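Written below as structure tokens is the structure these notes are about.
The values are calculated or read from the model by the stated rules, or taken from the named source; none is laboratory data. On a predicted model such as this, the values are computed, not experimentally measured, just so you know. Heads up, the Cβs are rebuilt from the backbone with ideal geometry, glycines too, and the neighbour counts pull from every protein chain shown. With ligands, DNA and RNA removed, areas are computed over all heavy atoms of the protein, side chains included. Shrake-Rupley method; radii C 1.70, N 1.55, O 1.52, S 1.80 Å.
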Amino acid sequence: MLLEGLVTSLNSAGEWNLAPMGPIISGDFERLILRPFKSSVTYRNLKQNPFGVFHITDDVLLIARSALDRLNSSPEFIKAQTIEGRVLKDCCRWYEFEIVACDDTTDRTRLEAKIVYQSRVRDFIGFHRARHAVLEATILATRLHLIAESEIRSQLKWLSSPVEKTAGPREQEAFEMVCDYVNDWYRRQSPASFRS
């Protein structure tokens with residue numbers, strides 16, 4: 001099972017990083033397979049310091065901000081229980097992990113992690129349609145260099161419907177931020193390709 005969430009990691013200097021990630025999770029939640037790119041901060045941090053925390057969260061605005069490098073301020077953290085790490089104060093569940101195997105022979109690495117501690121802050125009720133739409137829009141926004149602009153814009157238009165119908169203020173803010181990010185990216189690529 002692949003589950004979208006957020007990973008915190010620390011480098012050897014103790015500087016933290018927050019990144020969205022969809023690890024493959026064993027059915028019993030004892031192991032994670034993380035697949036960061038070698039160019040990512042998460043990969044570099046976990047190579048220096050093989051411990052991190054995977055968070056299950058229903059906060060799609062935080063997921064979108066971290067994916068698109070739009071964190072205005074640091075979210076609140078508490079210290080991890082069994083590792084040197086950071087836990088998001090406002091998450092549903094968290095899983096502290098240790099990297100036990102690494103295959104970085106390709107650009108998309110494969111890091112096998114063993115769960116060493118887990119805890120719960122509050123129930124995860126699930127994602128309603130707007131939260132799913134924001135998550136999908138955010139994933140699209142991270143692939144602008146891979147997918148044709150016409151396809152991106154078509155999918156964003158389709159995703160706007162559930163946002164309009166079911167979003168609360170945080171989901172609306174997240175979707176608008178993603179759309180602004182997409183527009184800004186295309187504007188920087190070629191002024192002629194930008195459509196308001």
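Counting only helical runs of four or more DSSP H residues, what would the 222 nm mean residue ellipticity of the chain come to if each run contributes -39,500 (n - 2.57) and the total is spread over all its residues?
Values: 5 runs with 68 residues, N = 196.
The helix contribution divided over the chain gives -11000 deg cm²/dmol.
Across segment 125-196, the relative contact order, built from alpha-carbon pairs under 8 Å that are at least six residues apart, equals 38 percent. Binning the C-alpha pair distances of segment 115-180 at 10 Å intervals from 0 yields a P(r) profile of 20, 43, 23, 13, 1 %, listed from the shortest bin outward. Solvent-accessible area per residue in the chain equals 53 Å², computed with a 1.4 angstrom probe and all protein chains kept.
Counting only Cβ charges, +1 for Lys and Arg and -1 for Asp and Glu, the dipole size of the chain around its Cα centre is about 220 debye.
Ignoring lysines fewer than eight residues from LYS79 along the same chain, the ones with Cα atoms less than 20 angstrom from its Cα are LYS89, LYS114. The radius of gyration of the Cα set in segment 17-80, together with its Dmax, comes out at 12.6, 36 angstrom.
How much net charge surrounds ASN17 when only other residues with a Cβ under 10 Å from its Cβ are counted (Lys, Arg +1; Asp, Glu -1)?
Numbers: positive: ARG44, ARG86; negative: GLU15.
Every neighbour counted, the sum reads +1.
With N residues in segment 22-120, what two-decimal value do you get for its Cα radius of gyration over 2.2 N^0.38 Å? Spell out each step's value before the answer.
Numbers: Rg = 13.4 Å, N = 99, 2.2 N^0.38 = 12.6 Å.
Compared with the compact-globule rule of thumb, segment 22-120 sits at 1.06.
The lysines within cross-link reach of LYS165, meaning a Cα-to-Cα straight distance under 16 Å and a gap of 8 or more places when in the same chain, are LYS157.
Scoring 157-163, 110-116, 144-150 by mean Cβ neighbours within 10 Å over their residues and listing the highest first yields 110-116, 157-163, 144-150.
Computed in the context of the full set of protein chains, the accessible area of the chain at 1.4 Å probe radius has 49% of its extent on carbon or sulfur.
Measuring with a 1.4 angstrom probe and ignoring ligands and nucleic acids, LYS165 comes out at about 140 Å² accessible. Taking all Cα pairs closer than 8 Å and separated by 6 or more residues, the relative contact order of the chain comes to 19 percent.
Which value results for Rg/Rh of segment 85-196 when Rg is the Cα radius of gyration and Rh the Kirkwood radius based on the inverse mean 1/r? All intermediate terms of the calculation are to be shown ahead of the outcome.
Details: Rg = 18.2 Å, Rh = 16.9 Å.
Taking Rh as the inverse mean 1/r over Cα pairs, Rg/Rh reads 1.07.
You can think of it this way: the chain between THR166 and GLU98 has 20.7 nm of extra reach, that is 0.36 nm per residue less the Cα-Cα gap.
The spread of Cα positions in the chain, taken along each principal axis and listed from longest to shortest, comes to 50, 38, 32 Å. When you restrict to C-alpha pairs under 8 Å that are six or more residues apart and normalise by the size of segment 79-125, the relative contact order lands at 39 percent.
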